[in-house]
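The values are calculated or read from the model by the stated rules, or taken from the named source; none is laboratory data. Predicted model only: the values in this text are computed from it and were never measured. For neighbour counting, all protein chains shown are included, and Cβ atoms are generated from backbone atoms with ideal geometry for every residue, glycine included. These accessible areas exclude ligands, DNA and RNA; they are computed on the full protein's heavy atoms, side chains included. Shrake-Rupley method; radii C 1.70, N 1.55, O 1.52, S 1.80 Å.
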Amino acid sequence: IYADPAKRLELYFRPKDPYCHPVCANRFPTSTMLLRVRRSTKKQQQLDGEEQIQPEVQFEMEILGIVTTVYKFQGMSDFQYLAMHSGPDGKQTSMYDKVLMLKPEKEEFFNKDLPLYIPPPIFSRLDTPVDYFYRPDIQHREGYNNPQVSGENLIGLSRARRPHNAIFVNFDDEEIPTKPLDAAVQNWKKVCTNPVDKKVEEELRKLFEVRPVWSRNAVKANISVHPDKLKVLLPYLAYYMLTGPWRSLWVRFGYDPRKHPEAKIYQVLDFRIRCGMKYGYAATDMPVKAKRSTYNYSLPITVKKQGSHTVSVHDLKQGLGSAGTSGAKKPPSSRYKLKESVYIFREGALPPYRQMFYQLCDLNVESLQKIIHRNDGTESECTERDGWCLAKTSDDLRDSMSLMIKQIIRSTRPALFSNTTSSEDGKEQLAYESGEDEDDEEEEEEDFKPSDGSENEMETEILDYV
């Protein structure tokens with residue numbers, strides 16, 4: 001706990017009880033001293049006939065060290081939940097010996113009739129007193145209207161939506177927008193206050209002239225613009241595709257990729273690095289670590305929140321930049337630029353994240369491009385799943401990319417593949433991985449929903465605009 005400043009120190013009143021709810025201490029910096037105090041009493045002899053003499057007391061103090069961090073238990077202890085059963089006569093009976101399996105048990109242990117015992121799924125997330133009710137009405141900005149309350153959402157929103165004014169288009173929509181919303185134009189004009197912003201606007205216009213479809217990460221890797229300003233600039237120049245082969249991408253106003261077969265090179269490929277024992281390496285052996293893990297999860301109940309970085313006037317004039325140590329070292333022209341690896345796939349290099357959204361033209365491998373261009377000149381129909389490509393093109397690309405990544409891991413960690421056999425076996429394993437006999441697994445991947453907050457996930461981008 002001490003090694004991670006964001007974690008809280010937990011105290012369990014009954015450490016051996018798995019149902020014990022802990023109390024948590026928050027971490028605070030301090031500058032105090034640890035003292036050792038000795039109290040010595042020296043008794044004096046009493047002579048006959050004399051008055052009683054008080055013993056002599058002496059204190060000795062020694063400084064042992066300096067304390068820089070303390071943990072204070074400032075929250076309420078919350079309620080505790082015991083594995084108990086209330087009988088008809090009101091008598092409480094312990095059920096720990098019946099619900100806890102402390103040793104391997106036979107089948108009879110699991111077939112015993114027991115009273116219903118359902119522990120709570122979660123305890124209170126807060127351990128400090130808060131005002132739950134009777135809050136005053138939230139004062140929104142002028143022009144804000146409360147959303148319509150439906151049976152599915154009775155509580156409503158706690159704050160006004162950020163007005164980025166992006167236009168969202170589904171694959172089934174007949175028309176595509178040819179110009180931005182008036183509010184998006186006004187929004188950008190209000191933010192575009194210096195020559196740097198005007199230059200960024202021209203650079204992004206040139207990008208859309210060269211290539212009508214871009215992902216946000218690809219834009220970030222080609223021009224240097226603060227993310228907050230990019231959120232306002234993109235709806236000014238392009239619309240956002242929600243579904244279909246160009247989902248999660250920004251498309252230039254007036255360009256409909258569903259009517260242009262050459263737009264298949266801009267389609268998106270949702271690629272996830274495969275891991276598991278059948279692939280030769282487990283998740284713990286992955287060279288590409290996950291951006292977050294459930295093992296590092298901490299409850300949002302800390303008293304002291306880490307303060308955000310301050311913003312200087314100079315950085316605001318240069319484009320809303322935050323004055324961080326890493327940003328101060330970079331020139332303004334490349335301060336916010338991302339690496340090419342966030343949107344380009346190259347042979348011999350691992351992706352930066354386990355899940356990536358690549359555009360087909362950014363797969364810089366000759367064998368992958370051959371798969372993409374197998375039906376050049378014979379495209380007949382644009383489908384929602386495969387776009388202008390042949391059916392199962394995405395599956396073939398994922399298989400080839402997974403094999404390339406496996407070879408990279410094999411070269412860096414040969415011990416993981418000590419039991420592998422010849423290359424022919426590898427081809428058989430690749431066919432097994434491709435999913436011809438594993439349609440269920442592929443469908444399961446399609447239903448996977450990415451976690452919040454990642455730089456390369458479309459859900460995060462949608463939340464920024466709606």
Flagged as over-length at 25 Å C-alpha distance, from K179/K392; K229/K339; K220/K259; K370/K406, the pairs are K179/K392; K220/K259
Expected field for H260, accessible surface area in Å² at 1.4 Å probe radius, rounded to 10, holds 60 Å²
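Sorted by packing (mean other beta-carbon atoms within 10 Å per residue), highest first, where do 229-238, 399-408 land?
Values: 229-238: 21.9, 399-408: 18.7.
With the highest mean Cβ count within 10 Å placed first, the list reads 229-238, 399-408.
What is the packing order of peptides 200-206, 387-393, taking the mean over residues of other C-beta atoms within 10 Å and listing the highest first? Kindly include the intermediate steps, with their values, before the conclusion.
Working: 200-206: 15.6, 387-393: 19.9.
Averaged packing, sorted descending, gives the order 387-393, 200-206.
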Where a ≥ b ≥ c are root eigenvalues of the Cα gyration tensor, a/c under 1.5 meaning rounded, otherwise prolate if a/b exceeds b/c and oblate otherwise, region 226-276 counts as oblate
